[in-house]
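Q: Would you mind keeping the following structure in view while I ask a few things?
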Amino acid sequence: SGQGLGPSRQHGRRYRSCQALAADPTAQVSVASAAGAFVAFGSCGGAAGLLGGIIWMDQAGVFGCTDIPFSAPDLAMSFGDTSYSRLDEITHTIDVDVTGPAWQWMNNKDGYLTFVLLKKIGFHYHFEFNEDYSSVQIYPSINLGRLGKWSVPKVLMSFTMVLQKPPKGLTCPASTLYADRSRYAKWDRVSSGLLSPLVGKYGVFHYYVYQIVDGDGNRVQPYYDACVAHGAKETKPFPKLAAKLGIDALAVGEKGSTSFVGVRSASMPVQKKALAA
């Protein structure tokens, strides 16, 4: 059924828009600007501080474990797109627009096609955190304008993230074993569906989400470099296709080691982001 999942402004609710990062030392993810650069959620106090910075969704398992059958052509995200939605501190909810300035896409054919398709249907994610922000239910959602906002019920398709507790006093090992590395991810991203109970553990899929920039704009290693390397490897610019899809090829970037985010501007639908080494 349709659900009103937008940034409600009902009386008595409180919305957190933590200080946006004034500057980010990385060339990959320079933050909030009128030009539409990648926006990052700034550092803030309390449990909501877990949402600060930028996280990398390692669906492909290039750094840690994954058992999902395929991955989307995206890279990193933040909760900093406050022009679209702000954290509701009463309901612990926030929406993230996957075609906005807080969601990073690979600069290749799959990235262009997916971006354009999802933009047409107003695709976004509705995040519903528990009280201490240690877990979140994620609802894939679409915005059909006058027909309202609709979300996939979690009984049909359940996406969650669960905060992990890495070993104390240790940093991420240099081990090449993906299982070792996954223990140090910030979040365990879990997917299941309607038929999952019938097949047990084989119906539940995991990949891991890493903090690559903290709430103060500092790179978090070795995850930042791993994300950059993956993005660079997947960069395959295709200006002709971009132009056919109405994407500004120059804004996307025709050089290697680039990615892009969406911007809310008729003259520049996307903004190139260089991937810094």
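The values are calculated or read from the model by the stated rules, or taken from the named source; none is laboratory data. It should be emphasised that the depicted structure is a prediction, and the values quoted were computed from it without experimental measurement. Virtual Cβ from ideal backbone geometry, glycine too; neighbours counted across all protein chains shown. When the accessible area is computed, the model is the full protein with side chains, heavy atoms only, and any ligands, DNA or RNA have been set aside. Shrake-Rupley method; radii C 1.70, N 1.55, O 1.52, S 1.80 Å.
Q: Within the bounds of region 206-221, is there any residue that is out of contact with any Lys or Arg (no Cβ under 6 Å at 6 or more places or on another chain), of a type outside the set (F, W, Y) and at pLDDT 95 or above?
A: Within region 206-221, one or more residues are out of contact with any Lys or Arg (no Cβ under 6 Å at 6 or more places or on another chain), of a type outside the set (F, W, Y) and at pLDDT 95 or above.
Q: With the requirement that a residue be aromatic (F, W, Y) and within 23 Å of G203 (Cβ to Cβ), what does region 128-159 give you?
A: Once the filter is applied, which keeps residues that are aromatic (F, W, Y) and within 23 Å of G203 (Cβ to Cβ), region 128-159 yields Y139, F159.
Q: Answer with yes or no whether D97 is acidic (D, E) and either free of Cβ contacts under 8 Å to residues at least 24 places away in the same chain or closer than 16 Å to F260 by Cα (or both).
A: In short, yes.
Q: Now a separate question. Scan region 111-142 for residues that are open to solvent by 30 Å² or more (accessible area, probe 1.4 Å), closer than 30 Å to F238 by Cβ and touching a residue at least 24 places away in the same chain (Cβ under 8 Å) and jot them down.
A: Across region 111-142, the qualifying residues are L113, T114, K119, F123, Y125.
Q: Separate question: How many of the residues in region 80-110 are open to solvent by less than 10 Å² (accessible area, probe 1.4 Å), among the hydrophobic types (A, V, I, L, M, F, W, C) and more than 14 Å from the chain's Cα centre (by Cα)?
A: Total satisfying the criteria: 1.
Q: Now for a separate question. Only one of K201, K240, K236 is assigned to a helix (DSSP H, G or I), under 20 Å from G111 (Cβ atoms) and of a type in the set (K, R). Can you tell me which?
A: Sole residue among the options that is assigned to a helix (DSSP H, G or I), under 20 Å from G111 (Cβ atoms) and of a type in the set (K, R): K240.
Q: Additional query: Show me the strands (runs of 3 or more DSSP E) entirely contained within region 85-185 in which 2 or more residues are acidic (D, E) and within 24 Å of Y208 (Cβ to Cβ).
A: Qualifying strands (runs of 3 or more DSSP E): 93-97.
Q: Further question: Considering only region 160-204, state which residues are surrounded by fewer than 18 Cβ atoms within 10 Å (Cβ to Cβ) and aromatic (F, W, Y).
A: Scanning region 160-204 gives Y178, Y202.
Q: Also, I was wondering about something else. One residue is enough: does region 207-221 have a residue meeting the conditions of a type outside the set (A, V, I, L, M), open to solvent by 80 Å² or more (accessible area, probe 1.4 Å) and part of a strand (DSSP E or B)?
A: yes
Q: Just checking, how many residues over region 173-197 are farther than 27 Å from H126 by Cα and at pLDDT 80 or above?
A: Count: 4.
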